[in-house]
Amino acid sequence: MSRDPILADTITRLPESAAGAVVVSGSHGGVYAAYVARRDGVRAVILNDAGVGKDDAGIGGLPWLDAAGMAAATVSAASADIGDAADMISRGIVSHANARAAALGVRPGQACAEAAALLEAAAMPDGAFAPLAETRRVETPRGARRPLVLVDSAALVRAGEDDGAVVVTGSHGALFGSDPKNALKADAALALFNDAGGGVGTTRLPALEARRIAAATVAAASARIGDARSTHDDGVVCALNARAAALGGCVGMRARDLVALALRA
C-alpha cells in the first residue's frame, strides 16, 4: 500500500520519517539540494526547478542523483511556489525527470501528486556518492571592514558567528514558513540570494528589512542557483530591500559591486 509523500519546505530540515520515503521538497533542484536528499536516505525526491536558470543549475541535481542511484524530478517554478511543498503537491507540474524517474513513468506535464505516487515504486538508492566540498567559505578581502561568507545553502549560515558579515548564498530568496527568522539565521550586514526565476523568490527581502538587514536577490538567469561563488561573481541584482538600496545598491548592478559596498560600510 502506498503512503503519502513527506512534504518539506526545505530539504535541509527533513523529519526522521523522510528516511526511506518519497519526499516533495520546496528546495531548488540544484546539486546541493540533491546531495542532501541522498545523504539523508530519501528513497526518491521531487524538487522545484527554480526557473532552471543559468547553466540549467535549477535542475542540475537530477543527473547527479541518477549517478548516485536515486530517482528524482522537478516541478516548474511557474506552476508552484518554490519553498512551499504543500503548493507543489497540490499545483505543481513536472518539468524534468531523471532517467531513473522516467523509467517509473514520471514525465514532464504530469501532476506532482501523480509523479510522487509513481516514485513509491523506486528502489532505495545504492549508488556511491562523495561529500560535496567547499560549500562554506569565509574570506576577508583587502580593505574590508567585515568578513565575506559564501555558502552554497543558507542552511550553512551560522547564528552568532556570522552576525555583521556579508553573507552571499546560493539559496533561493523565498521565505519558507511564516517566521521571519527563517529568512536568515544570522544578523548579517547584507545577504544575497537567487530569485529562482521570480514569483515568490524575493520574499525574504521584506522579512529581512523588518529585521534591519540589507538584502538582495540576483536573477536566476545571471547566476547558478546553489552556487554562492556564482552569485557573487556572475550575479546581477534584480531586487533589493530599502536597506540594501541605502548602501548604494540598485537593480541591474553586479552583485560583486553591492558586496564591495557592504564590505566597506
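Each reported figure results from applying straightforward, stated rules to the coordinates on display, with no laboratory input. Values in this document were obtained by computation on a predicted structure and should not be read as measured data. Ideal geometry is used to build each Cβ from the backbone, glycine not excepted, and the neighbour counts take in all protein chains shown.
Structural remarks
- Any pair with Cβ under 9 angstrom, 6 or more apart, that starts in the stretch 86-98 at a residue that is buried (at least 23 other Cβ atoms within 10 Å of the Cβ) and ends at one that is basic (Lys, Arg) and outside any helix (DSSP H, G or I): VAL94/ARG107; ALA97/ARG107
- Some residue of the stretch 64-75 being within 30 Å of LEU258 (Cα to Cα) and surrounded by fewer than 22 Cβ atoms within 10 Å (Cβ to Cβ): no
- The set of residues from the stretch 14-47 being in contact (Cβ under 8 Å) with a residue 24 or more places away in the chain, hydrophobic (A, V, I, L, M, F, W, C), more than 21 Å from ASP227 (Cα to Cα) and not in a strand (DSSP E or B) comprises LEU14, ALA18, VAL42.
- For LEU7, the criteria (1) free of Cβ contacts under 8 Å to residues at least 60 places away in the same chain; (2) surrounded by fewer than 24 Cβ atoms within 10 Å (Cβ to Cβ); (3) among the aliphatic types (A, V, I, L, M) hold in every case but one, which is (1).
- Residue within the stretch 131-141 that is surrounded by 14 or more Cβ atoms within 10 Å (Cβ to Cβ) and within 20 Å of ILE59 (Cα to Cα) present: yes
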